[in-house]
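Okay, structure first, notes after.
The values are calculated or read from the model by the stated rules, or taken from the named source; none is laboratory data. Everything numeric here is computed off the predicted structure, so don't read it as measured data. Cβ coordinates were reconstructed from backbone atoms using ideal geometry, including for glycine residues, and neighbour counts include every protein chain displayed.
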Amino acid sequence: MSAFIFNEVNFDDHEQVVFVSEPKSGLKGIIAVHNTSLGPAMGGCRMWNYANEAAAVNDVLRLSRGMTYKNAVAGLPIGGGKSVILGNPKTDKTPALFEALGEALERLGGRYITAEDIGTSPQDMAFVAHKTGFVAGLGASGDPSPFTALGCFVGLQAAVKHRLKRDSLEGLIVSVQGLGHVGYDYARRLHAAGAKLVVADVDTVALERAREEFGAQIVSVDAIYDVPADIYAPCALGATLNRDTLSRLQVQIVAGAANNQLATADVGDMLRQKGVLYAPDFVINAGGIIKVCYEYLNRPEADVEAHVHQISETLTEIFTCAERDERATSAVADEIARARFMR
Ligand code: NAD
């Protein structure tokens, strides 16, 4: 078993990987603590019907590592971790399942703090909280998505200033993929700032709303990659920046909320060579974790927005450094993160 983990492509010297099995509730989960040099590991709990156990291991290793990078670049006093529950979030959820997870977190003594993620909700986290205090994002002060959208908006402004030498978004065309919790709020801010929107989603209700509210032009989910625009804003799926889409995208900037936008690491450099300024996903989409972290640490809510606004300065530093050294922005962002947590 250990050979399998250590050879796993996403294993990156994780400090601790805990397999949790609790027969009474049926819980089968994995908790991965990637790095705690900046503070206790924080990251959500995903519930997913994984094809097999190896897929779950792969996912938790990848996601927990990503949280270390995201939290470090955001300047938060927390490390990176993640947990996954193997199961169907539509049919397999019970209070006992999440209470059992809470007991497992309690045994870790605060090395890992969980929160909601894909497949879990603030309600589920409330059951976790029956057994442990090491849980954040209980929804006490609402959905963090608007803060993610705010971070994307100020990040986009920084990208526009750097690449297009403009302070205003007036008249710029933004193609927005996904009008969910983050994408819709981001689109609202872009519209208010004078940008023109071209949008795609599988949800026709959200599309109609965007057409009415923002005068957005609607295109099919596949056609979004072919839209001539100034900015592409991926706010739905991961891995949408790949060899196929790169040959189709006609934009100068990529600035969106989706996690893991680069299908493979080398796509970061391919974007640079194509002349596209890429705002690294884990930098621009950190608004939500900033909000959750402040809530957990009882830091003043009034300071959250100012911290989210710092995403703009961080991105400007990354863009400037990448341009000077002729490197991918994604590589520079990784390096800044590593310099903070590899002390
Ligand atoms: P969400 O589920 O609310 O929204 C996703 C939207 O994408 C939905 O409207 C969905 O219908 C749409 N969609 C699904 N498939 C699509 C397709 N093929 N083409 C176009 N649209 C499609 O999710 P969210 O919370 O808004 O998060 C969006 C992305 O941002 C995700 O990748 C998420 O991991 C990432 N993210 C979110 C947060 C947050 O605070 N919510 C924080 C960091 C990163």
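Among the criteria (1) in contact with a helix residue (DSSP H, G or I) (Cβ under 6 Å, 6 or more places away or on another chain); (2) at pLDDT below 95, the one Ser330 does not fulfil is (2).
Just one residue in the set Ser175, Ser168 is among the hydroxyl-bearing types (Ser, Thr, Tyr), within 15 Å of the ligand (Cβ to nearest atom), out of contact with any Cys (no Cβ under 9 Å at 6 or more places or on another chain) and under 22 Å from Leu315 (Cα atoms); that residue is Ser175. Residues in region 286-296: is at least one farther than 26 Å from Leu61 by Cα and either free of Cβ contacts under 8 Å to residues at least 60 places away in the same chain or surrounded by 19 or more Cβ atoms within 10 Å (Cβ to Cβ) (or both)? Scanning region 286-296 turns up no residue that is farther than 26 Å from Leu61 by Cα and either free of Cβ contacts under 8 Å to residues at least 60 places away in the same chain or surrounded by 19 or more Cβ atoms within 10 Å (Cβ to Cβ) (or both). Every condition in (1) more than 16 Å from the ligand (Cβ to nearest atom); (2) modelled with pLDDT of 95 or more; (3) within 19 Å of Ala337 (Cβ to Cβ); (4) hydrophobic (A, V, I, L, M, F, W, C) is met by Ala255 except one, and the failing one is (1). Filtering region 178-205 to residues that are in a loop (DSSP other than H, G, I, E, B) and either within 14 Å of the ligand (Cβ to nearest atom) or not assigned by TED's automatic domain parsing to the domain that holds Asp222 (or both) leaves Gly178, Leu179, Gly180, Asp201, Val202, Asp203. The test for being in contact (Cβ under 8 Å) with a residue 12 or more places away in the chain and either charged (D, E, K, R) or surrounded by fewer than 17 Cβ atoms within 10 Å (Cβ to Cβ) (or both) does not hold for Glu335. When Ala233, Ala210 are screened for being in the same structural domain as Glu323 (by TED's automatic domain parsing), more than 10 Å from the ligand (Cβ to nearest atom) and assigned to a strand (DSSP E or B), only Ala233 passes.
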